[in-house]
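Chemist: Structure in structure tokens, see below.
Please treat every number below as a calculation from the coordinates, not as lab data. From a predicted model like this one, the values you see are computed outputs, not experimental measurements. Virtual Cβ from ideal backbone geometry, glycine too; neighbours counted across all protein chains shown.
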Amino acid sequence: MSKLDPKQIVSSLREGGTVAEKLSSYEPRQAQLDLLELIIQGFNEDALVMAEAGTGVGKSFAYLLPAMYFALNDEKQDVKQKSTTKPVVISTATITLQQQLFEKDIPLVASGMEKGKIKSVIMKGRGNYLCQRRFNDTLQEPPLFDFDYDELKQISQWAKTTKTGGKGELSFKPSETVWTSICSESDLCLGIHCPYKAVCFIFALRKEANNAHIIVVNHHLLFADLAARYQGAGYENAVILPPFDRLIIDEAHTIESAATSFFSSDFSRSGIFRQLGRLYRTSGSRRSHHGLLVKLNAMLPSSEDPLDAMIEAIKKIRSSAEELDEQALKLCDEERIFRLSPADDSHCDETFLKKELFPHFKALRRNILSLTNMVRDITENLSDEKIIDPAVWEIKSIVRRLENTAEICDVFCKYRKHEDEVLWIEKYSVSKDISSQRSMAIFTKAPLDLAPKLRESVFLPNKSVVCVSATLAINDDFSYWANRCGITGLEKRTLLSGCFPSPFPYSSAVLLIGPTDSPMPDEEGYEEFINEAVCRLAATAGGSALVLFTSYQSLNSAYNAAKSELEALGIRCLKQGDDDRTRLLQSFLSDETSCLFATDSFWEGVDAPGDTLRLVIICRLPFRSPNDPILEARREAVKKYGGSPFMELSLPQAAMKFKQGFGRLMRRSADRGVVAVLDSRLFKKAYGRLFLHSLPETKTSFCAFDNILQDIENFLY
Ligand code: SF4
């Protein structure tokens, strides 16, 4: 591998440089150049790089330049003089950033590079692409549930012209039922046996990726590829992605939770019913038979007719799934979530588990295996020609899914032996009305500790991994994140790190306020204080506010308290849950004085520059709910090894999220506004300093609430 030339690359981003000249509003940023140098060093020294880059540093250019130069340098000619290259893979958490990199940043940087032509490709999860085979099957056979045929018609028109088959290209958002019947799914894909492979979007995409210098993916797709490689597919062949050994992870603060979700699995009564419905169903007054097992039965000699036996087995699975659901819901009555904890079983009624719950898990497992064994026996004895029939392929994948459910049942029954997994049951309201009686249970298993998995599958196999985010360190210290992600302990690898401060003028453009006379969150009167304070703060700022909560309950309470008063002042109030996230954000951005009440996912990813956002209110320090089963299990694990769950988990997690919330205010260097923190633990608890020190220097006003309002007026007007 030839080394990157730091001088050449850095000069392209300096004033007058080839890339800098392409930028319409170029401003020299020392932090960006420093970050760029660190990343070049990471490539040249085969290192693991951890970099925190504040808002406005321009981190994407700082990693795109080395990535592109590297991919071009590394390009080789194969025996047929065709160029072959190992791509550099860039992974992001959000589709928004994926899209921005692919559509804006990569073409811009590429246009300013002096050498070679960059080929880049964006790859989303399979579920984002139309599967030609499933789509055509759906057109031919009436689906099971209520189906929107108008949507299908529109998709039909689009399918004739689309080049990528990507869902994002549709002019409308298809319903879940329609899209999940026609999208690509790995375990339903016939691969080289597929009659549609010549027109398959996934095949075309992978072919394009094989020749690309840069591949932009999301974390989920990255983990799917790396997990398959780690489990035996190896590192030299194409799996989901072509072989690669240089990786850049942007929005890296999310990789632990992305990996947790990737390695988790769950099942529910309705999910099982959906699979069973694909296998067998009846319709019409004459109860005519449909489904994949009917097709399978028709492939067999007339002397064999296992359909009745399979229908009987399906009935048994249905009734055992219903019985399990009913018993499990009894455990979730009060808290909605019931965790089976091997470490702390004080809340587990062992007698109930043994007598009332586990027998139903066992019955469900037994009934599933009875059907799947029956089906396997049949499919394994089919002729070669029939075995590649799409219906048989699909049956096999449903069998695997049902067996996965049987395996989760087994893990639940042996929960004491599964200390490395978090197991819980959650009550889920089938109707939108949370108080509705219509509920079902979701059974989930998730990995307790991701560090070994991430170390083995992400950091060890790749020559260089660059992790970047606006929040990766706490007080310039990366140890919390490095521990959680398995980087700690990789002494044999070169480890580089650095914090690159935002160039924005926080010290003059941001006023950080905190009332010192507010009640503590666990004191009487706290909720009333929040409700009144939110309303008065938003009124003083004239709206343009994002109000961040840690629970829906307090969000609703403050929204209801403030709505009519603020709307009388001409300030429109928007609330998370009233519309989907994208539309809600669009409404917020399009109405400059509106006020958005939100929780959880809105603490990050909200990009509202200018006067649209002049006030961010953080109602409470964002400690995660103690009822979160994964956090609870991880806290227990820390305690077991003699650590402090609060200091080692809850506090750093909350501090990182706090920084994300604060970061919503300034999105451009000319932005100006106020961040209000209404949680007096910031001043009254020793750990409050950690939150304050993790922020850039700003103007501050920490005094009685009434005086604060005056300070805001003076600052904003
Ligand atoms: S190869 Fe797979 S994804 Fe492509 S059309 Fe066939 S089944 Fe669908």
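Chemist: Which cross-chain or sequence-distant (5 or more) residues have an amide H under 5 Å from the amide H of residue 617, H modelled 1.01 Å from N in plane?
Modeler: 546, 547, 548, 676
Chemist: If the limit is 26 Å between Cα atoms, which of 445/575; 492/639; 657/685; 86/453; 59/167; 427/640 go over it?
Modeler: Numbers: 445/575 32 Å; 492/639 29 Å; 657/685 18 Å; 86/453 24 Å; 59/167 28 Å; 427/640 29 Å.
As for pairs spanning more than 26 Å Cα to Cα, those are 445/575; 492/639; 59/167; 427/640.
Chemist: May I ask you to derive the FRET efficiency for residue 362 and residue 329 from their Cβ-Cβ distance with R0 = 22 Å, giving the value to the nearest 0.05? Walk me through the intermediate numbers first.
Modeler: Details: r = 18 Å, r/R0 = 0.83.
My answer for the efficiency is 0.75.
Chemist: What order do you get for 641, 196 when you list them from fewest to most C-beta neighbours inside 10 Å? Before the final figure, lay out each step's value.
Modeler: Values: 641 7, 196 16.
If I rank by nearby Cβ atoms, fewest first, I get 641, 196.
Chemist: Could you give the semi-axes, largest first, of the ellipsoid that matches region 483-560, computed as the square roots of 5 times the alpha carbon gyration tensor eigenvalues and rounded to whole Å? Could the numbers behind the result be given before it?
Modeler: On the way: eigenvalues 284, 86, 31 Å².
Taking √(5λ) for each eigenvalue gives 38, 21, 13 Å, largest first.
Chemist: Which of 590, 464 comes first, and how do the rest follow, when ranked by fewest Cβ neighbours within 10 Å? Walk me through the intermediate numbers first.
Modeler: Values: 590 9, 464 24.
In order of increasing Cβ crowding within 10 Å: 590, 464.
Chemist: Right, something else. Checking the cross-link filter: which lysines have an alpha carbon closer than 19 Å to that of residue 173, excluding same-chain neighbours under 8 positions apart?
Modeler: 124, 153, 160, 163
Chemist: Membrane-span-like helices in the chain: DSSP H runs reaching 18 Å or more (Cα, own axis), mean Kyte hydropathy at least -1.0? Walk me through the numbers before you get to the answer.
Modeler: On the way: long enough: 30-44 (21 Å, 0.49); 59-73 (22 Å, 0.79); 149-161 (19 Å, -1.18); 307-331 (37 Å, -0.18); 358-380 (32 Å, -0.20); 390-413 (35 Å, 0.29); 526-541 (22 Å, 0.28); 552-568 (24 Å, -0.68).
Once both thresholds are applied, what remains is 30-44, 59-73, 307-331, 358-380, 390-413, 526-541, 552-568.
Chemist: Averaged over every viewing direction, what's the projected area of the C-alpha convex hull for region 523-650? Give it in nm², one decimal, please.
Modeler: Numbers: hull surface 36.1 nm².
Convex hull of Cα atoms, orientation-averaged projection: 9.0 nm².
Chemist: Something else now. With the cut-off at 12 Å, report for region 475-516 the share of all Cα pairs above it, as a whole percent. Don't skip to the answer; put the middle values down first.
Modeler: Working: 640 of 861 pairs.
Percentage above 12 Å: 74.
Chemist: Hey, another quick one. Say the dipole of region 360-469 comes from +1 at the beta carbon of Lys and Arg and -1 at that of Asp and Glu; which of 387, 409, 457 then lies farthest toward its positive end?
Modeler: Result: 409.
Chemist: What are the extents of the Cα atoms of the chain along their three principal axes, in Å, largest first?
Modeler: Extents along the principal axes: 88, 72, 54 Å.
Chemist: Lysines within cross-link reach of residue 315: Cα-Cα under 22 Å, excluding same-chain residues under 8 positions apart?
Modeler: Output for residue 315: 295, 362, 396.
Chemist: Hey, which aspartates and glutamates would be in cross-link range of residue 119, C-alpha to C-alpha under 19 Å, not counting anything within fewer than 8 residues on its own chain?
Modeler: Within reach: 74, 75, 78, 103, 105, 208, 245.
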